[in-house]
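Student: Dropping the structure in here first, questions after.
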Amino acid sequence: MNTDYDVIIIGSGIGALTTASLLAKLGNKKVLVLERHFKIGGFTHTFRRKSVYEWDVGVHYVGGLAEGTMLRALFDAVTENGVKWQKMPEPFEKFVYPDFTFSVYGDKQKFLGDLKAQFPNESEALDRYFKDVEAFSQWFSKQFTIKALPAVFSKAAHFLHLTGDGHAEITTKEYMDKNFKDPKLKALLCSQWGDFGLSPIRSSFAIHSMIVTHYFDGGYFPIGSSAKIADSIIPIVENAGGFCEINHEVTEILLEGDKAVGVKVNFKKGKDIIEKEYRAPVIISDAGAYNTYFKLLPSKYSDPFKEPLKSLASGGATSITLYVGFKESPTKLGFKGENYWMFPSYDHDAIYDSRNQILDGKPPMVYLSFPSLKNPEAEAPTAEIITFADYGLFQKWKEEVWKKRGEDYEALKEKIADAMLGFVEERFPGFRSLVDFYELSTPLTNEHFTGHHEGNIYGLVCTPERFKQEWLGVRTPVENLYLTGADACSPGIAGAFMGGVASSAVVLGFSGTLRLMKEFLSGKSSKSV
C-alpha cells in the first residue's frame, strides 16, 4: 500500500493530464496518474504501423487556439509551452453534399458572408443565428463556471436563479425549424454534428453552439502530433514528485465512511495481474461519470440520479475509424489538410438513424481527415476516415481478446473498411489507388483501451437533458472525490481540457483558483474566446 501522494487521478486523458499539471504547478501536489492502457494520453495518444505511419487517435483539430485567446494561454500554461500549434490551411473544413460543397474559413465574418451569398433569402435569420450561437455558448460557459466555483458561490448562484434559464431546453432541430426555411441551409449549419455524435433532433442547441463558435477562428493541430501533450505534461508531474503509471487499471475507489481515501488497482505485469492499493487525501476520476458511479463506487452514491445517468451513458452512437497510410501524398488529388464532412443527403436525422446500415456496405456519412498534412513533422502521408455505428453490432465479440477476435470479426472489419474506402472513392476518384495500408478500429477498440462505456468516445450524450442535471459536474456526493474530463464539462479535446481546469480549481480552492487565473492571464492578451 502506497500513501506517498497528495492526489490520485484515475485515467490519463487530457482532463486528467490537465488536472495533474495544474495541481503540480500551482499546488505543489505530488500526483499519481493511473492509466489502464500501455500508453499515457487517452485520446491524445498516437500509434504507428510499418514504422513510419502515425495517427492521432482522438485529436483531429482544436479550435480557439489563436495567439492571445484564453484557451491558448491555458494550454501553454498547462504544457509549459511544450506544444506548438499549427493553424490549418484555409478553408479548414468542407461540407460535402450530393449537389454542392461548402468551404468553411476560419474567419467568422467570412463564414457569415459566404452563407449569405449562398442563401440570400435567409440573410436576416443568419444574422440572428450567429448572435444566438454566441449567446448559447456564453450561457453554457456561465453554467460551467458556476459549477466550478467554491460551493458557497455555486449555491448562491443557484439561489439567485443564475442557472437554468431555459437555454438547455431546445434541441438543434427545434432551433433550425423555427428560424430557417431552406432545408439545405439547415443541413449545412448542422454539418459538424459528428464532433459531438448526435443528430439535430437529439442534440442540445447549446452543444451545437459550443462547437460552431469553437471554430470561428479556424482549426489548429499540434506540431509533432498530439503525443506532445503527454510528453510535455509528464515531466511537470514528475518534477513535483508525482508519477504516471501505465498498465494500472483502477477497480475500486476505497472509502472510509463517505470519504474517498484511495484506490484498488490491477497492475498488469506480463501475463500476471498484481493487486495494489494506493491512498491519498484527494481522488479524481477521469474514467467518466458512468464508470465512476457504477463500477468504482457502491450503488448508494448514484441512486438519486441512476436512471438519468444510465440514459445519458447509453444514448449515443460510437465511432468506427479507418486509419490509412498512403504510397503517395494525397496532395496529388488536391487535398491540402482540410477536413471533409461528407453526407449522402440533407437529412441528418435520417443519416443518423441509418448508421447501422454500415453492415450492408452503406456508411451513413464519413469524416475525412489528414493528420500528416496538418503536422509539418509527419514522416509519411496518412488519413483517418470516421463514421458512426452502434456498439451492439460488435457486442458479441466483447469478451474476445484484442487482435484475436476471430475470422468472422476480421471479415466484418474488412467489409466495413471496403465500404468506407468506397464512399470516399466515389467522391474523390483515385483515392483508393494511393492507399498502401489501412487498419480499422471498432467500438470494441475504444472500449478495450479506454474503458469507456460501450466504446463511446464522447462521454455522456449532449441531449438537452444532460444540461439540466444539477448532479453532473466536478463535485460528487463522496467527500474528496471529484470528476474531471469530458463529463465534468463537455466532449472534445477542449471540453475535456476545461473539465481538467475546473477540477483543478475546485481542488485548489479559492486561493488556488486565483493563482490559476493569474497563471493564464499572464500569457493572455485582450483577445478572448
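The values are calculated or read from the model by the stated rules, or taken from the named source; none is laboratory data. Just so you know, these numbers come straight off a predicted model, no measurement behind them. All Cβ positions, glycine included, derive from the backbone under ideal geometry; neighbour counts span all protein chains shown. Surface accessibility is based on the protein's heavy atoms, side chains included, excluding ligands, DNA and RNA. Shrake-Rupley method; radii C 1.70, N 1.55, O 1.52, S 1.80 Å.
Student: Exactly one condition in (1) outside any strand (DSSP E or B); (2) buried (at least 20 other Cβ atoms within 10 Å of the Cβ) is not met by SER319; state its number.
Tutor: (1)
Student: OK, next. Mind counting the residues in the range 371-391 that are surrounded by 23 or more Cβ atoms within 10 Å (Cβ to Cβ), outside any strand (DSSP E or B) and in contact with a helix residue (DSSP H, G or I) (Cβ under 6 Å, 6 or more places away or on another chain)?
Tutor: Qualifying residue count, the range 371-391: 1.
Student: Then there's this: Restricting attention to the range 23-50, and to residues there that are modelled with pLDDT of 95 or more and under 12 Å from GLY242 (Cβ atoms), which single residue is surrounded by the fewest Cβ atoms within 10 Å (Cβ to Cβ)?
Tutor: The selected residue is LYS30.
Student: Of the residues LEU516, LEU508, LEU460, which single one is open to solvent by less than 20 Å² (accessible area, probe 1.4 Å), among the aliphatic types (A, V, I, L, M) and over 19 Å from VAL59 (Cα atoms)?
Tutor: So the residue among LEU516, LEU508, LEU460 that is open to solvent by less than 20 Å² (accessible area, probe 1.4 Å), among the aliphatic types (A, V, I, L, M) and over 19 Å from VAL59 (Cα atoms) is LEU516.
Student: What is the residue count in the range 114-131 for residues that are closer than 17 Å to SER209 by Cα and out of contact with any strand residue (DSSP E or B) (no Cβ under 9 Å at 6 or more places or on another chain)?
Tutor: Taking the range 114-131 and keeping what is closer than 17 Å to SER209 by Cα, we get 115, 125-131.
With out of contact with any strand residue (DSSP E or B) (no Cβ under 9 Å at 6 or more places or on another chain) added as a condition, the list becomes 125-131.
Of the residues in that region, 7 qualify.
Student: Quick test of your reading of the structure: TRP55 fulfils all but one of (1) open to solvent by 10 Å² or more (accessible area, probe 1.4 Å); (2) part of a strand (DSSP E or B). Name the failing condition by number.
Tutor: (1)
Student: Quick one: would you say GLU465 is modelled with pLDDT of 90 or more, open to solvent by 30 Å² or more (accessible area, probe 1.4 Å) and of a type in the set (D, E, K, R)?
Tutor: Working: modelled with pLDDT of 90 or more: yes; open to solvent by 30 Å² or more (accessible area, probe 1.4 Å): yes; of a type in the set (D, E, K, R): yes.
When the stated conditions are applied, GLU465 passes them.
Student: Looking at ILE358, is it open to solvent by less than 10 Å² (accessible area, probe 1.4 Å), farther than 30 Å from THR476 by Cα and β-branched (Val, Ile, Thr)?
Tutor: The answer is yes for ILE358.
Student: Find the strands (runs of 3 or more DSSP E) located wholly in the range 61-116 whose residues include 3 or more that are without any contact (Cβ under 8 Å) to a residue 40 or more places away in the chain and more than 21 Å from GLU338 (Cβ to Cβ), and list them.
Tutor: none
Student: If you take the residues of the range 97-107 that are more than 23 Å from the chain's Cα centre (by Cα) and open to solvent by less than 60 Å² (accessible area, probe 1.4 Å), which of them is nearest to GLY63 (Cα to Cα)?
Tutor: Per the criteria, the residue is SER103.
Student: With respect to PRO344, is the statement that it is closer than 30 Å to ILE201 by Cα, assigned to a loop (DSSP other than H, G, I, E, B) and open to solvent by less than 10 Å² (accessible area, probe 1.4 Å) true? Don't jump to the end; show me each part of the working.
Tutor: On the way: closer than 30 Å to ILE201 by Cα: yes; assigned to a loop (DSSP other than H, G, I, E, B): yes; open to solvent by less than 10 Å² (accessible area, probe 1.4 Å): no.
Considered against the rule, which asks whether it is closer than 30 Å to ILE201 by Cα, assigned to a loop (DSSP other than H, G, I, E, B) and open to solvent by less than 10 Å² (accessible area, probe 1.4 Å), PRO344 comes out as no.
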